[in-house]
Amino acid sequence: MSMNIIESIQEGIAEGVKILYQHEVPSDKVNWNMTRKEFDGDYTIVVFPYTRAAKKSPEAIGQELGAFMQERLPEVADFNVIKGFLNLSLSDDYWTNFLQEVAELENYGQQPPTGKKVLVEFASPNTNKPLHFGHVRNILLGWSSAKILETAGHEVVKMQIINDRGIAICKSMLAWQRLGNEETPESSGTKGDHLVGKYYVAFDKLFREEYAQWQREEAGQAVYAKQQKEGQSAEQFFKAYKNTYFNQYSEVGKAAKEMLLKWEAGEEEVINLWKMMNGWVYKGYDETFENLGVHFDDIYYESDTYLLGKDSIEEGLKAGVFYKKEDGSVWIDLEAAKLDHKLVLRSDGTSVYMTQDIGTAQKRYDDYQFDKMVYVVGDEQNYHFQVLFEIMKALKAPFAEELYHLSYGMIELTTGKMKSREGTIVDADDLMKEVIGEAKASANERGTISDLAEEDQEQLFRKVGMAALKYYVLKVNPQRRMIFEPKESVDLQGNTGPYIQNAYVRVQSVFRKLGDTPHGDGKDYTTLLEQEKDLIQLLSVYPDKIIEAAEGLDPSAVAKYAYDLAKAYHRFYHDCRILTAETEAARDFRLKLSKVVGKTLFDAMNLLGIEMPDRM
């Protein structure tokens, strides 16, 4: 198997360095790569690290180690040395036997259980608005990372914490109370999360109108005259003053804050309204999650966790981890970790977000005894998580070293950024409709599925459209910001989800044409073409790519692999006859190769949350 051959090569090189040059090198430190296409060979070994011990040129070392490997490892059929890089060529027998082995496996790529439990938190929306385009990247990254971690042998718990309380939710509730006329999702035919989001936008409109009016009135002008800085225009002043106005003068701001206090006091009328509107949102979210193909093993709610963490702060105060200021607020000094002083409890004893994050992390450990906890959150929260992780270390939490922030960059449409308050948000439901529409337009243009029933066509458009969206997002390294182009995402020729689906569809078409024709196992085929060897070599590194993606929490490694495999299969399909191959042995071998490629493409795309169609 591939991992074994790589280990065998590394062990052989380490042994060769020891015997030839009396130098110890750990086998896992032997650097290898797949040989670049312009050179002969399958695996390339970097020999520069051994020049000092050998006291010879890299070329001479390469020749000696190549001869040593050819003698010691029967799989090595040939070698060549180019500028200090040793290229090893494995025998066709090795590759054909490898394919036969993989073809027998049920779950090729699945790693044995590690015994480790990993929690992955993703999505985690606020219940004052629908899931938007930014959430899509978060959800797809979280889901795919969880699937990859499972395939790497870990027990994975997929979870989210829903921010279902606070001033933002009260804004939606207040606007519905004042403007809603008892409107419900049923009465308006509006999806529940969209309806609540509509009232969040409506509150902001109410507030902006009120603020604009106040600026024109005597009260606002008096504040400006008294508090403006020298040379500051009225427009500049009022832009900077908006939050102060909300907290000190705004009637709707005061009403929203009073509603929050009533909620915290458990007032029945407010709690009932909160439960009703959040219920609408959850129903809407469930529909979006289902369309995205994701589900969760556990859900935490901020309404249950917002008081957590205070006990940890008290214990930390006693232990000298935190300190109290004269006003009673509690802080931590993180200057030693090159961070600053951070507030963890307000002077009135109320929590900040950091307080509840401390408590929630502890509760999750109590609930699950996890080995690793992954937070999938955008890069604008990098500082927050640096602080949280340092605080957990200072508190000597047993899990402190196993917290990880899977940080990702902003995603934008070609039309630019989105703002939810002004109602210019691109929500996830509309985005999914758009890419499915693009897939439909693209398929209708080609006219290749007109014989399918309408229901089957719609199912196909959904699979292709969702593959376009998911792959386009996941092929980009999480740390990078990205711009999404819906039309480009469905292109059958580019580095896209539909291009990879099409390779899988080609495999299915081969077997449809084969029908019930009997065929052998291909074991009599012994001399490989370059296109066949390229495919088998790519198949051989699939388990390594899963481990690489799991260790780096980077689904783009799997996306790139799936694209490379699809590209190699398209080339093979174009260059090599399969059903009309020159011999029966060649036909049978290529059928087996096609089947394994199809299965591997199916599995790799499944790790990205992508379904494969049988037709395109």
Problem set entry | Matching residues in region 54-72 - criterion: being touching a residue at least 60 places away in the same chain (Cβ under 8 Å) and either buried (at least 19 other Cβ atoms within 10 Å of the Cβ) or touching a His at 6+ places or on another chain (Cβ under 7 Å) (or both) | M69
Exercise. Does region 462-484 contain at least one residue that is touching a residue at least 24 places away in the same chain (Cβ under 8 Å), over 20 Å from the mean Cα position of the chain (by Cα) and buried (at least 19 other Cβ atoms within 10 Å of the Cβ)?
Worked result: no
Seminar exercise, completed: Note on region 485-504: residues surrounded by fewer than 16 Cβ atoms within 10 Å (Cβ to Cβ) and in a helix (DSSP H, G or I) are K487, E488
Exercise. Counting only residues that are crowded, with 21+ Cβ neighbours inside 10 Å and hydrophobic (A, V, I, L, M, F, W, C), which one in region 517-537 is nearest to N97 (Cα to Cα)?
Worked result: I536
For this session: Please indicate, with yes or no, whether at least one residue in region 334-350 is closer than 23 Å to N128 by Cβ and either surrounded by fewer than 19 Cβ atoms within 10 Å (Cβ to Cβ) or modelled with pLDDT of 95 or more (or both).
Result: yes
Exercise. Of the residues in region 130-165, how many are in contact (Cβ under 8 Å) with a residue 60 or more places away in the chain and part of a helix (DSSP H, G or I)?
Worked result: 17
For this session: Look through region 125-165, keep the residues that are over 14 Å from the mean Cα position of the chain (by Cα) and among the hydroxyl-bearing types (S, T, Y), and return whichever of them is surrounded by the most Cβ atoms within 10 Å (Cβ to Cβ).
Result: T127
Problem set entry | Restricting region 280-303 to residues that are among the β-branched types (V, I, T) and over 26 Å from Y365 (Cα atoms), the residue that is farthest from the chain's Cα centre (by Cα) | V281
Exercise. Does T51 fit the bill of being open to solvent by 10 Å² or more (accessible area, probe 1.4 Å), within 26 Å of I546 (Cα to Cα) and among the hydroxyl-bearing types (S, T, Y)?
Worked result: no
Exercise. N181 fails exactly one of the following numbered conditions: (1) out of contact with any strand residue (DSSP E or B) (no Cβ under 8 Å at 6 or more places or on another chain); (2) in a helix (DSSP H, G or I). What is the number of that condition?
Worked result: (2)
Exercise. Can you pull out the residues in region 21-48 that are surrounded by 18 or more Cβ atoms within 10 Å (Cβ to Cβ) and within 27 Å of V541 (Cβ to Cβ)?
Worked result: V25, V30, T35, G41, D42, Y43, T44, I45, V47
For this session: Would you mind stating whether G284 is at positive phi and buried (at least 19 other Cβ atoms within 10 Å of the Cβ)?
Result: no
Problem set entry | The lone exception for V541 - which of (1) within 24 Å of the chain's Cα centre (by Cα); (2) modelled with pLDDT under 95; (3) open to solvent by 30 Å² or more (accessible area, probe 1.4 Å) it fails | (3)
Seminar exercise, completed: Of the listed residues (I6, I82), the one being open to solvent by less than 40 Å² (accessible area, probe 1.4 Å) and either on the phi < 0 side of the Ramachandran plot or touching an Asp or Glu at 6+ places or on another chain (Cβ under 8 Å) (or both) is I6
For this session: Evaluate region 352-367: report whether one residue or more is more than 25 Å from A146 (Cα to Cα) and open to solvent by 50 Å² or more (accessible area, probe 1.4 Å).
Result: yes
Problem set entry | Among (1) open to solvent by 70 Å² or more (accessible area, probe 1.4 Å); (2) touching a strand residue (DSSP E or B) at 6+ places or on another chain (Cβ under 6 Å) - the single one K18 does not satisfy | (2)
For this session: Starting from region 235-262, keep only residues that are in contact (Cβ under 8 Å) with a residue 24 or more places away in the chain, then list their pairs with residues that are of a type in the set (S, T, N, Q) and crowded, with 17+ Cβ neighbours inside 10 Å whose Cβ atoms are within a distance under 7 Å, requiring at least 6 positions of separation or different chains.
Result: F238/Q215
Exercise. For region 547-571, how many residues are buried (at least 22 other Cβ atoms within 10 Å of the Cβ) and over 24 Å from S489 (Cα atoms)?
Worked result: 1
For this session: Just need a number here: residues in region 166-184 that are free of Cβ contacts under 8 Å to residues at least 60 places away in the same chain and open to solvent by 20 Å² or more (accessible area, probe 1.4 Å).
Result: 6
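The values are calculated or read from the model by the stated rules, or taken from the named source; none is laboratory data. All values derive from a computational prediction rather than experimental measurement. Glycine gets a Cβ as well: all are built from the backbone with ideal geometry, and neighbour counts include every protein chain shown. Each accessible area value is taken on the protein alone, full model and side chains, heavy atoms only, with ligands, DNA and RNA left out. Shrake-Rupley method; radii C 1.70, N 1.55, O 1.52, S 1.80 Å.
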